[in-house]
Each structure stands twice: as C-alpha cells, then as structure tokens.
Amino acid sequence: MSANKSLLILPGDGIGPEVMREARRVIEWFERRRGLSFAIEEGLVGGAAIDAHGVPILPETIARAKEVDAVLFGAVGGPKWDGLGFDRRPEIAILSLRRELGLFANLRPAIVMDALVDASTLKPEVVRGLDIMIVRESTGGIYFGEPRGIETLPDGTKRGINTEVYTTPEIERVARVAFELARKRQGRVCSVEKANVMESGLLWRETVTALQQREFPDVALTHMYADNCAMQLVRNPRQFDVIVTTNLFGDLLSDLASMLTGSLGMLPSATLGAVGPGGRRHALYEPIHGSAPDIAGKGIANPMAMILSFAMLLRHSFGLEEEARLVERACGNVLGSGLRTADIMQPGLARVSTQVMGEAVVRELDKLGA
Ligand code: IPM
Ligand code: MN
C-alpha cells in the first residue's frame with residue numbers, strides 16, 4: 001500500500017460537479033485496482049461558496065489547499081452571480097488559490113487526439129498530431145499588478161487602471177518550468193510577449209534569453225510577439241512545442257490553442273508552484289472549460305478534460321507517469337471506439353451522457369490495466 005495521497009476536491013459550479021463525479025470514478029479505480037490510496041476532502045468554491053458562506057472561497061478552504069498534496073478543481077461562475085461586485089465574483093476563488101498557493105506555472109496542453117482530428121474547425125492536415133504545451137505565468141502580470149482600480153477624476157469622469165508588472169525572478173521561475181518541460185519533449189521553447197511596445201515585455205525577453213544561455217543551452221529558444229503568435233497558432237500550429245508567456249497573453253493564447261483541438265471539453269490543465277523542501281510543490285488541476293451554465297445539470301457535459309486533469313495530477317504531483325498515460329490512453333481509446341458527448345459529436349457516432357462516458361473510461365481502464 002502506497003502512502004496516503006491527500007487531495008482537496010473543489011467541484012465548484014455549473015458542470016463542475018457533474019464532470020468531477022466522473023473523475024472520482026477514475027480515482028476510485030486506481031484505489032481499487034492499483035492500491036493507490038487517496039485521502040479526499042471536498043470543499044465549496046465559486047458561486048456555491050457564495051451561496052453558502054457569502055464569499056467565493058473561505059480562508060479555511062485556502063488553508064486546506066495549502067495542506068494537501070494536490071487540489072482538483074472543477075469550474076466556477078454562472079449568470080446567477082454575474083451582478084456581484086468585482087471582489088466577490090466566483091472567479092476570485094481560482095485567482096485566490098493561484099495567488100495564495102504561489103501557483104505561478106499554468107500548464108495548458110493543446111493536443112489533437114487522432115479520433116478527434118475532424119472536430120477542429122481547422123483542416124485536418126493542419127492540426128493532425130498537434131501537441132503544444134502552453135506555459136502561462138499565473139500569479140503575476142496585469143492580473144495582480146498594482147496600481148489597479150477605478151478612480152473618479154476631478155471632472156467627474158472615471159479612469160480604470162491595471163498594471164503589467166514582472167520581476168526577473170518571476171520571469172525566470174516560469175521560464176525554467178518551460179525549459180524543463182521542453183527537455184522532455186521536442187526541446188523547443190517559444191517565448192511570447194510584446195517587447196516591441198512594453199518594457200515588461202522587453203525585460204521578459206532579455207531575462208528568458210539570459211536564462212537559456214546560462215542554464216538551458218541544449219534547448220532551442222525563439223521569441224515571438226503575442227499578436228504574431230496568435231496568427232501563427234492558426235496558420236501553422238505544429239511549429240510550436242512549448243510556448244511560455246505572460247498571464248494575460250497566456251489566457252488569450254491558450255483559449256485560441258484549445259480551439260485548434262476542436263473541443264474545450266477535452267483539455268486539462270495543471271498549475272504548479274515552486275518545488276519546496278522534500279520535492280513537495282503546491283499544485284492545482286482543472287479542466288480548461290468553464291462552468292458552462294447553459295448545459296449544467298443536463299448530464300451532457302464532456303468529462304474528459306476533468307479526467308485528463310486527474311491524469312496530469314498523477315504525473316506532476318505524484319510522479320506516476322505510467323498511471324497518467326494509462327488514463328490518457330483509456331480516454332483516447334474510448335473516443336476511438338466512437339463514443340461522443342454532445343460537444344464533440346460527429347455524424348454516425350454514438351452520442352452518450354457524461355456518466356456513460358465516465359463509465360466507459362473506467363471499463364477501458366479495466367481492459368488496459370488488467
Ligand atoms: C482561465 C480563466 C480565468 C483566468 C478566470 C476564470 C479568472 O479564464 O483560467 O483561463 O482569466 O485566468
Ligand atoms: Mn481563460
């Protein structure tokens with residue numbers, strides 16, 4: 001029996017709880033069949049926490065998130081909470097977790113599985129075999145920079161302010177994650193900013209360049225302006241291996257990249273903190289899709305991104321590479337067998353519910369892991 005692995009599960013709002021239920025089936029499979037043992041706690045975040053406690057996340061929940069080995073997060077938000085003030089919105093839950101746990105490296109893979117090559121709006125020959133990893137900085141930049149706010153000017157008009165700020169240590173630590181990932185992939189990093197118009201972008205470029213020369217001469221580094229990167233991602237996405245970029249550009253570019261794959265419902269993510277003493281690091285795993293309030297409660301959401309987020313958890317928090325691949329292979333095979341949730345439905349294939357999809361992944365695990 002391996003040591004207890006502690007998880008905090010935060011299903012959140014909308015389709016979050018539905019897809020989390022399917023991820024839990026997969027967790028239970030590993031307990032039953034692989035002797036892994038997870039100590040699981042659940043908590044409320046987002047609108048669910050606002051309804052119960054009046055805040056998007058309780059300080060206790062953040063404290064628990066710091067204690068456990070890994071956080072598995074669903075999604076937050078929905079029209080019910082749209083009118084709330086800026087500091088009380090459901091999204092504050094995920095932003096606070098990133099910030100308070102120091103989760104600075106947001107890993108967002110965009111992978112086109114063979115079975116889904118036709119789901120993309122781009123031509124199959126452009127996206128077939130696509131495998132990009134976007135490393136988005138996630139505790140700095142304009143999301144958190146000061147000064148920020150809305151102020152009233154003497155003439156009664158208003159001024160909204162946000163600030164893009166990056167320090168060398170902030171840039172180095174996220175770039176280091178990107179370079180290390182590239183070493184295990186095709187060995188190429190493209191660093192993305194707007195050094196042509198922003199000082200913080202210029203510092204980003206200089207810092208990444210110096211780091212590569214100092215510590216990663218074996219990794220090929222290129223630079224791109226963010227606008228060009230958006231264009232190149234659509235023109236010829238396979239030119240990229242690892243992209244490293246700022247918080248805001250990473251937010252935009254990862255949404256763009258996700259659509260190359262045709263379905264937001266397929267893409268997981270990991271957000272990692274610094275490696276501490278004993279190799280421990282804070283980490284949070286979440287699907288890229290949001291809470292999708294329009295389809296919540298209908299049992300039609302795609303649980304794959306949530307399940308694949310658990311695969312990333314196995315890999316990055318526990319070093320269980322083989323187990324992570326097993327989950328990924330099971331998901332691929334289920335799609336290969338023609339099962340589809342509504343979001344990735346194609347003519348002639350079998351449209352199934354969230355639960356049937358989750359159960360199919362577990363059955364496939366039984367087969368593969370027998
Ligand atoms: C994301 C989301 C969040 C972000 C929101 C919910 C705050 O869009 O994870 O990409 O902007 O970072
Ligand atoms: Mn986003």
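The values are calculated or read from the model by the stated rules, or taken from the named source; none is laboratory data. Quantities reported herein were computed from a predicted structural model and do not represent experimental measurements. With ideal geometry, Cβ positions are generated from the backbone for all residues, glycine too; neighbour counts draw on all protein chains shown. Note: accessible area is taken over every heavy atom of the protein model, side chains too, but ligands, DNA and RNA are not part of it. Shrake-Rupley method; radii C 1.70, N 1.55, O 1.52, S 1.80 Å.
Does the range 1-47 come out rounded, prolate or oblate, given a ≥ b ≥ c as the square roots of the eigenvalues of its C-alpha gyration tensor, rounded meaning a/c under 1.5 and, failing that, prolate meaning a/b above b/c? In terms of gyration-tensor shape, oblate.
How many angstrom separate the Cα center of the range 135-169 from the Cα center of the range 299-370? What the calculation gives is 40 Å, centre to centre.
The modelled label-to-label distance for the pair Asn228/Asp87, using points 7 Å beyond Cα in the direction of Cβ, is 4.2 nm.
The fraction of all Cα pairs in the range 105-196 landing in successive 5 Å bins from 0 to the largest distance is 3, 11, 15, 14, 13, 13, 10, 9, 6, 4, 2, 1, given as whole percents. Roughly speaking, what is the centre-to-centre gap between the range 30-88 and the range 236-256 when only Cα atoms are used, to the nearest Å? Comparing the Cα centres of the range 30-88 and the range 236-256, I get a distance of 27 Å. Extension gain, Ala210-Ala63: 0.36 nm per intervening residue step, less the Cα-Cα distance, totals 49.3 nm. Residues whose amide H comes within less than 5 Å of that of Ser191, counting only those at least five positions distant or on another chain, are Thr222, His223, Met224, Val244 (H built at 1.01 Å from N in the peptide plane).
Per residue, the chain exposes an accessible area of 43 Å² to a 1.4 Å probe, with every protein chain left in place. For the pair Arg280 and Ala52, label points projected 7 Å from Cα toward Cβ lie 2.5 nm apart. Overall, the accessible surface of the chain at a probe of 1.4 angstrom is composed of carbon and sulfur to the extent of 53 percent. For the range 147-198, the relative contact order works out to 20 percent when only alpha carbon pairs closer than 8 Å and six or more residues apart are counted. Radius of gyration over Kirkwood radius for the chain, both on Cα atoms: the Rg/Rh ratio is 0.96. Normalising by residue count, the range 254-336 has a Cα convex hull of 109 Å³ per residue. Running a GNM on the chain with Cα contacts under 10 Å, which residue among Met20, Met198, Met345 ends up with the highest mean-square fluctuation? The residue that fluctuates most here is Met198. Sequence-distant contacts, meaning Cα pairs under 8 Å at least 6 residues apart, place the relative contact order of the chain at 21 percent. Taking label points 7 Å from Cα along the Cα-to-Cβ direction, Arg128 and Lys80 give a separation of 4.6 nm. Given R0 = 35 Å, the distance between the Cβ atoms of Gln239 and Arg329 translates into a calculated FRET efficiency of 0.85. If you take the Cα atoms of the range 172-219, find Rg, then find the Kirkwood Rh from the mean of 1/r over all pairs, what is Rg/Rh? Rounded to two decimals, Rg over Rh is 0.99.
Here the gap between Leu349 and Thr152, fully extended at 0.36 nm per residue and compared with their Cα-Cα distance, gives a gain of 65.2 nm.
Scaling against 2.2 N^0.38 Å puts the C-alpha radius of gyration of the range 105-272 at 1.11.
The relative contact order of the range 105-272, computed from alpha carbon pairs under 8 Å that lie at least 6 residues apart in sequence, is 36 percent. For the pair Lys184 and Leu202 in one chain, pulling the backbone fully straight at 0.36 nm per residue adds 3.7 nm over the alpha carbon distance. Under 5 Å from the amide H of Leu320 lie the amide H atoms of Arg315, each residue being 5 or more positions distant or on a separate chain, with H modelled from the backbone and absent for Pro and chain starts. Dipole magnitude for the chain: about 680 debye, using +1 per Lys or Arg Cβ and -1 per Asp or Glu Cβ, origin at the Cα centre. Estimated purely from DSSP H runs of n ≥ 4, each contributing -39500 (n - 2.57), the mean residue ellipticity at 222 nm for the chain is -13000 deg cm²/dmol once divided by its residues.
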